[in-house]
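This report refers to the structure that appears directly beneath it.
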Amino acid sequence: MRHSTFFWFVLPSALAMFLFIALPIVSVFTQSLHVAHDQVVEEVETCAVFSCTTELRVNAEATAELYEEAPLGKFAGLDNYANRSHLAFDEVSVVWAQASGPGEFFNGIYNLPFYKALTFTLAYTFIVTPLVIIFGFMIAVAVNSLSALVKGPIIFVSLLPMMVTPLIGSLILFWMIDARGILGSTLQYLMGDPSLSLKASSTLTWIMLMVYGVWHSAPFAFVVFYAGLQTVPKDTLESAMIDGASRWQRIRYVVLPYLMPLTLFIALIQLMDNFRVFEPIVGFNAEAHATSLSWAIYNYMNADSKLLNSAATTSMLTIIGVAILLTPVLVRTWRDFNRR
Amino acid sequence: MSQAADRRSPILVFASISFLLIWLLMASFPFLWTLWGSFKVQGDFFSKADWSYAIFGVRTIAETGAPFTGAGYYGAWVQEEFWRAVINTGVVVVFVVIISLTFGALGGYALSRSNYRYVFWLLMLALIFRAMPHITLVSGYLLPFFEWNLWGHLSTTVIVLVAINQPFTLWMLHSFFQNIPKDLDESAMVDGCTRFQAFRYAIVPVMWPGIVTTGLFSFLLAYNDFAVTALLLTKENQTMVPKIAGFLGSTQTEGNVMFAVASVVSATAPLFVLVIFFQRQIVSGLTAGAVKG
């Protein structure tokens, strides 16, 4: 295809991505370098009968004018990144100096909002992703051995947790694990503790969110693995059997290596999707015990006085996180591409 | 494969079947429970006294005289005007699907028919864009949209969702078009068609299976979105998902949780219908990207 034809074909799509994905990243970066204007304060003298007092008042008009002139706010360089809400260099060094061991140091920085969100996001990403792969593979193997008659309905039911809107899915589970909901009261009964509440404990909240994550994403891994299992070369399996390989050995040495590329694909998609974990925290109302980077950004923007600069700074740090996460994949693809 | 290869020990069969049954219960029970519960009053849906109230609707009978009540649905649809959100969602979803597929089909076709190096770079760039958390992009939109008075309109949300959708659509349609033989459009061009005519008359008639599958996923992205719609729309223009989230924040009074339950069920129903009719396309779409690598 000629360059000019290619250009016109790709133009609408590329333009949409440039305007609404590439430029916003520039916009986020610019916003993260600014802070809100100071409010204009003026001295006002009010004279009563006997004495005059001066007091300080905020001049709302003048403040609004400042924003009219420079909507971005005041240029602040990298101050946003260093302040307490983000990388918090001062606070971290204080904690570092005072902490007696790694545990205490970790507890210290966990109280800082950015590190709290980062900890949960990383824990969620790296715990849920492998569990999704393992769980999805187990379902795929189990379904694969059934007769064709029941496969259709089983696949239908299995798809549901993935298709449902994430916020709605988490709400549905949240209502069930409520202390007065069916799962919540069953757990209370099983534990023999009528005051048990999943919402009150940080550990239980984390587990709940991760269970939701696996529930929501396992169908995706299942479907991909299931399709992969249909194409496993039968000849290789049979010759392994003739050589005396047990069922387990056949899975370990024939099926698993064959499915390896699929596993990498699922891992890549899941890492990208789990790193942006957001809706479950809103749905489970879990922000007291677990916050994620995406949730932190949402929270800044949703505040009454929209903290756009803080949101932008956290966004920028999140984008850096995504970049670090993707680097191995990109380097690998780049090598493969050059070899060709 | 021969029957002997599939024969397994009874213990293994039992373990595998019971694992599957547990999974099916996990996957379906929450939906059935919520559907059933949405026709009860709050005292039954959240029942402190006895969990069986939720099944038999003891409080529902006491309060309304019948074991089922549509009060939650009435409250949500009529009193809280959930139908507005439904219409808004409909508008957003229809336009997002149409526009993303138009842009994506043109772009994906070009990417599949060009051998230059920049094709690889464009696809890689799309992959990176695919990884961007949506909420980080939204934080880039807010200030310019406020400044230029673009904030709050359905049309802005539509074009934003189209753009966010493009990386995925491009990848998917790219791999679909690669499966359509090049001879088809090239012979059309030998017969004197321009590239666009070849696309219009040789490719468009055979691309519909791929378009349907990709369209399903565009639909899901637009329908399920919360990050963009929650922050970019005014209250009147809200779509279903942020509207449901709004029920929870502001209304903690007795009975209003049931509005949220009823609207959750209402919003999930179309997805069920979608899975019933398009199960095969969804499965093939999920695997299309994977099997091709």
**OP:** Sequence neighbours fewer than 8 away in the same chain don't count; with that in mind, list the aspartates and glutamates whose C-alpha is under 18 Å from B:Lys182.
**Re:** B:Asp191
Subject >> Distance in nm between pseudo-label sites at A:Ala288 and B:Leu25 (7 Å out along the Cβ direction from Cα) >> reply: 3.1
**OP:** Mind pulling the per residue volume of the convex hull built on the Cα atoms of the protein assembly as shown? Å³ is fine.
**Re:** 241
Original post:
In degrees, nearest 10, range 0 to 90: what is the angle between the Cα axis of helix A:256-275 and the longest Cα principal axis of chain A?
Top reply: 20
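Shielding of B:18-25 by partners, i.e. mean partner chain Cβ atoms within 10 Å per residue? Intermediate values should be presented prior to the final figure.
Details: counts 1, 5, 10, 1, 0, 13, 6, 1.
Counting Cβ atoms of other protein chains within 10 Å of each residue's Cβ and averaging gives 5.
Scaled to the compact-protein estimate 2.2 N^0.38 Å, what is the alpha-carbon radius of gyration of region A:246-340, rounded to two decimal places? Before the final figure, lay out each step's value.
Values: Rg = 19.4 Å, N = 95, 2.2 N^0.38 = 12.4 Å.
Its radius of gyration relative to the 2.2 N^0.38 Å reference: 1.56.
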**OP:** May I have the extent of the alpha carbons of region A:115-286 along their three principal axes, as whole Å values ordered from largest to smallest?
**Re:** 59, 36, 28
Subject >> Pairwise centroid distance, computed over Cα atoms, of region B:20-56 with region A:308-322, Å >> reply: 40
Original post:
Once you treat every alpha carbon in region A:124-192 as an equal point and sum by Debye, what is log10 I(q)/I(0) at q = 0.28 Å⁻¹?
Top reply: -1.07
Original post:
Taking Cα atoms, how many degrees apart are the long axis of helix B:134-147 and the longest axis of chain B, rounded to 10 and kept between 0 and 90?
Top reply: 90
Subject >> Alpha-carbon gyration tensor eigenvalues x 5, square-rooted, for region B:59-165, Å >> reply: 43, 19, 14
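Can you tell me the relative contact order of chain B? Whole percent, Cα pairs under 8 Å, sequence separation 6 or more. Walk me through the intermediate numbers first.
Working: 268 pairs, mean separation 75.9, N = 293.
The normalised contact order for chain B reaches 26 percent.
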Original post:
How compact and how long is chain B, expressed as Rg and Dmax of its alpha-carbon atoms in Å?
Top reply: 24.4, 78
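If you place +1 on the Cβ of every Lys and Arg and -1 on the Cβ of every Asp and Glu, how big does the dipole about the Cα centre of region B:3-69 come out, in debye to the nearest 20? Each step should come with its number before you reach the end.
On the way: 5 positive and 4 negative charges, 35 e Å.
With Lys and Arg at +1 and Asp and Glu at -1, about 160 debye.
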Subject >> Space enclosed by the convex hull of the alpha-carbon atoms of region B:166-293, per residue, Å³ >> reply: 143
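Starting from the Kirkwood radius over alpha-carbon pairs of chain A, derive D by Stokes-Einstein at 4 °C in a medium of 1.567 mPa s and give it in µm² s⁻¹.
On the way: Rh = 24.8 Å.
D, rounded to a whole number, is 52 µm²/s.
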Original post:
Using 0.36 nm per residue, how much length does the chain from A:Ile207 to A:Arg84 gain when fully extended, once their Cα-Cα distance is taken away?
Top reply: 41.5 nm
Subject >> the protein assembly as shown: antiparallel DSSP beta bridges as a percent of all, rounded to 5 >> reply: 90
Subject >> Modelled FRET efficiency - R0 41 Å, A:Ile127 with A:Leu19, Cβ distances, 0.05 increments >> reply: 0.65
Original post:
Could you give the dipole magnitude of chain A about its Cα centre, charging the beta-carbon of Lys and Arg +1 and that of Asp and Glu -1, in debye to the nearest 20?
Top reply: 2140
Original post:
So how do A:305-317, A:2-14 stack up, highest first, on mean other-Cβ count within 10 Å?
Top reply: A:305-317, A:2-14
Subject >> FRET E, pair A:Thr5, A:Asp243, Förster distance 56 Å, beta-carbon r, rounded to 0.05 >> reply: 0.55
Subject >> For the protein assembly as shown, cysteines whose Cβ has no other cysteine Cβ within reach (under 4.7 Å) >> reply: B:Cys193
Subject >> 222 nm mean residue ellipticity, helices alone, for chain B (DSSP H n ≥ 4; -39,500 (n - 2.57); rounded to 500) >> reply: -24500 deg cm²/dmol
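Pop the C-beta distance of B:Arg200 and A:Leu325 into the FRET formula with R0 = 45 Å and round what comes out to the nearest 0.05.
Efficiency, from the Cβ-Cβ distance: 0.65.
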Original post:
If you place +1 on the Cβ of every Lys and Arg and -1 on the Cβ of every Asp and Glu, how big does the dipole about the Cα centre of region B:75-292 come out, in debye to the nearest 20?
Top reply: 480
Original post:
Which angle between 0 and 90 degrees, to the nearest 10, do you get for helix A:60-69 versus the longest principal axis of chain A when only C-alpha atoms count?
Top reply: 60
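Quickly rank A:85-91, A:32-38 as a protection proxy: mean count of other C-beta atoms within 10 Å, highest first.
Averaged packing, sorted descending, gives the order A:32-38, A:85-91.
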Subject >> Helical mean residue ellipticity (222 nm; -39500 (n - 2.57) per DSSP H run of 4+; nearest 500) of chain A >> reply: -22500 deg cm²/dmol
Subject >> Inter-chain Cβ neighbour average for residues B:109-118, partner chain, 10 Å >> reply: 4
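Per residue of A:138-145, how many C-beta atoms from partner chains lie within 10 Å of its own C-beta, taken as a mean? Please list the in-between numbers first.
Details: counts 4, 5, 0, 3, 9, 3, 2, 7.
Counting Cβ atoms of other protein chains within 10 Å of each residue's Cβ and averaging gives 4.
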Original post:
Sorted by average packing, counted as other Cβ atoms within 10 angstrom per residue and highest first, what order do B:193-199, A:284-290 take?
Top reply: A:284-290, B:193-199
Original post:
Dividing the Cα convex hull volume of region B:1-111 by residue count, how many Å³ per residue is that?
Top reply: 222
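Bear in mind these aren't lab numbers, they're just calculated from the coordinates by the rules spelled out. Bear in mind the structure is a predicted one, so any value in this text is a computation, not a measurement. Every residue, glycine among them, receives a Cβ derived from its backbone with ideal geometry; neighbour counts consider all protein chains shown.
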